[in-house]
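Below: the structure, in C-alpha cells.
The values are calculated or read from the model by the stated rules, or taken from the named source; none is laboratory data. No experiment lies behind these values; they were computed from the predicted model shown. FYI the Cβ positions are ideal-geometry reconstructions off the backbone, even for glycines, and counts take in every protein chain you see.
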Amino acid sequence: MTRASDRLYERQVATLVASWRAYARHSDGARVEDVEGAAVCLFPSAPESAVYNNALLPRGLGGARAREVVAAVDGAYREAGIPSYAIWAHESESDAVAALEDRDLRFDSATRAMAMSLDALAVPRPEIELGDLDWDGYAELEGIPGLLRGASAAEFHLRVARLDGRDVGAVIAYDHEGDRGIFNLGTVPEARRRGVGTALTALQLHEARERGCTTASLQSTPIAEGVYAALGFANLGRYLEYVPAIG
C-alpha cells in the first residue's frame with residue numbers, strides 16, 4: 001500500500017474496532033479484548049453471538065510471533081466457550097495466514113477493506129424516500145429480531161429506504177475520530193438493481209461530511225465492490241476470514 005492507503009487502512013481498522021465496542025454495550029456479557037495486539041470480539045449471547053464473534057489480527061506479524069498470536073486468539077474463544085467465530089487476517093500477511101491454516105482453521109470468506117477521503121466525494125446528494133423505522137424495526141427487517149437490544153437508530157445513524165410504500169433497504173454507520181464506518185448495507189431481493197444501495201451509501205457519505213467527518217470506510221462483499229469504487233472508495237486489500245474446521 002502507499003502511505004496514503006496505509007493511513008486510510010489505519011482509520012478503517014480503528015473505526016471497525018470502535019464499532020465492535022459500541023455493539024458490545026448492547027449485548028449481554030459481550031466485550032472486545034486486546035489479545036496480543038489482536039482485537040477480539042467475545043459475544044456469548046444470542047442473537048449477537050451469530051453475528052459479531054470476529055477477531056482482527058494486527059499487521060506485521062512474522063513467523064513464530066504470528067503463530068503465538070493466532071494461538072492466543074483461538075484460545076480466547078475456547079476459554080470463553082464460544083465455538084463459532086472468525087479470525088481475520090489481511091491478505092498481505094502471509095505468515096498470519098499460514099499460522100491460521102496451521103492451527104486447523106479453514107478459509108471461509110473474504111471482504112474487501114475500502115475507504116475514501118470525503119474531499120473526493122463527487123456524487124450528488126441522492127434523492128431518496130426514507131423510512132422511519134426504530135432500531136427494533138430495523139432488526140426485524142434484517143431478519144435478526146432482538147439484535148442489540150437497547151440500541152437506538154440515532155446511535156448508529158440508521159437510514160432506511162422506501163420504494164412503493166414499503167421499506168426495502170437499510171444501512172447503519174458509526175463515527176470514530178472523523179471516520180464514518182458504513183456497515184450492514186442491504187436491500188430486499190425485489191428492490192435490488194434499482195440503485196437503493198448506492199443511494200443509501202451516498203447519503204451516508206454526504207451526512208458524514210456535513211457532520212465534520214473527513215473519511216469514510218467499509219468492508220465490501222465481492223458483488224458490491226464496483227458500486228463502492230464508483231462512489232470513490234479505494235481498495236485497501238482483502239480480509240481473509242478463517243473459522244474452526246468442522247469435525
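Residues to consider are SER27, SER84, SER45, SER109; find the one that is under 15 Å from the mean Cα position of the chain (by Cα), under 27 Å from LEU158 (Cβ atoms) and either surrounded by fewer than 13 Cβ atoms within 10 Å (Cβ to Cβ) or not hydrophobic (A, V, I, L, M, F, W, C) (or both).
Working: SER27 fails: under 15 Å from the mean Cα position of the chain (by Cα); SER84 fails: under 15 Å from the mean Cα position of the chain (by Cα); SER45 fails: under 15 Å from the mean Cα position of the chain (by Cα).
Answer to the check: SER109.
Quick one: how many residues across region 123-157 are part of a loop (DSSP other than H, G, I, E, B) and aromatic (Phe, Trp, Tyr)?
Narrowing region 123-157 to residues part of a loop (DSSP other than H, G, I, E, B): 123-129, 131-134, 143-157.
Filter once more, so that each one left must be aromatic (Phe, Trp, Tyr): 156.
Qualifying residue count for the region: 1.
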Filter result (within 23 Å of the chain's Cα centre (by Cα) and part of a loop (DSSP other than H, G, I, E, B)) within region 55-81 = LEU57, PRO58, ARG59, GLY60, LEU61
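Does ALA22 count as on the phi < 0 side of the Ramachandran plot, touching a strand residue (DSSP E or B) at 6+ places or on another chain (Cβ under 9 Å) and free of Cβ contacts under 8 Å to residues at least 40 places away in the same chain?
On the way: on the phi < 0 side of the Ramachandran plot: yes; touching a strand residue (DSSP E or B) at 6+ places or on another chain (Cβ under 9 Å): yes; free of Cβ contacts under 8 Å to residues at least 40 places away in the same chain: no.
No: the conditions fail for ALA22.
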Pick from region 178-217, criterion touching a helix residue (DSSP H, G or I) at 6+ places or on another chain (Cβ under 7 Å) and of a type in the set (A, V, I, L, M), ranking: surrounded by the fewest Cβ atoms within 10 Å (Cβ to Cβ) = ALA202
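Give me the residue from region 4-24 that is over 22 Å from GLY150 (Cβ atoms) and surrounded by fewer than 17 Cβ atoms within 10 Å (Cβ to Cβ) and, out of that set, modelled with the lowest pLDDT. Talk me through it step by step, then tell me what you get.
Let us first name the residues in region 4-24 that are over 22 Å from GLY150 (Cβ atoms), namely 4-14.
Subset that is surrounded by fewer than 17 Cβ atoms within 10 Å (Cβ to Cβ): 4-7, 10, 14.
Working: ALA4: 85, SER5: 92, ASP6: 94, ARG7: 96, GLU10: 97, ALA14: 98.
It comes out as ALA4.
Which of the residues spanning region 212-247 are of a type outside the set (A, V, I, L, M), outside any strand (DSSP E or B) and in contact with a strand residue (DSSP E or B) (Cβ under 8 Å, 6 or more places away or on another chain)? Talk me through it step by step, then tell me what you get.
As a first pass, look at region 212-247 and keep what is of a type outside the set (A, V, I, L, M): 212-215, 217, 219-222, 225-226, 228, 232-233, 235, 237-239, 241-242, 244, 247.
So of that shortlist, the ones also outside any strand (DSSP E or B) come out as 212-214, 221-222, 225-226, 228, 232-233, 247.
CYS213, THR214, THR221, PRO222, GLU225, TYR228, GLY232, PHE233, listed by residue number.
Of the residues ARG194, ARG162, which is outside the structural domain of GLU48 (by TED's automatic domain parsing), in contact (Cβ under 8 Å) with a residue 12 or more places away in the chain and either touching a Phe, Trp or Tyr at 6+ places or on another chain (Cβ under 9 Å) or in a strand (DSSP E or B) (or both)? Spell out the reasoning first.
Values: ARG194 fails: either touching a Phe, Trp or Tyr at 6+ places or on another chain (Cβ under 9 Å) or in a strand (DSSP E or B) (or both).
The unique qualifying residue is ARG162.
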Would you check if ARG103 is under 23 Å from LEU16 (Cα atoms) and either within 20 Å of the chain's Cα centre (by Cα) or at pLDDT below 95 (or both)?
-> no
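Can you give me the number of residues within region 40-85 that are within 22 Å of ARG11 (Cβ to Cβ) and either hydrophobic (A, V, I, L, M, F, W, C) or not assigned by TED's automatic domain parsing to the domain that holds TYR9 (or both)? Don't jump to the end; show me each part of the working.
Quick first cut of region 40-85, residues within 22 Å of ARG11 (Cβ to Cβ) only: 40-41, 52, 54-61.
Filter again for either hydrophobic (A, V, I, L, M, F, W, C) or not assigned by TED's automatic domain parsing to the domain that holds TYR9 (or both), leaving 40-41, 55-57, 61.
Of the residues in that region, 6 qualify.
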In region 165-177, how many residues are buried (at least 16 other Cβ atoms within 10 Å of the Cβ) and either outside the structural domain of PRO222 (by TED's automatic domain parsing) or over 18 Å from ALA216 (Cα atoms) (or both)?
-> 3
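In this structure, does ALA96 turn out to be in a helix (DSSP H, G or I) and touching a strand residue (DSSP E or B) at 6+ places or on another chain (Cβ under 6 Å)? Spell out the reasoning first.
Numbers: in a helix (DSSP H, G or I): yes; touching a strand residue (DSSP E or B) at 6+ places or on another chain (Cβ under 6 Å): yes.
Against the criterion (in a helix (DSSP H, G or I) and touching a strand residue (DSSP E or B) at 6+ places or on another chain (Cβ under 6 Å)), ALA96 qualifies.
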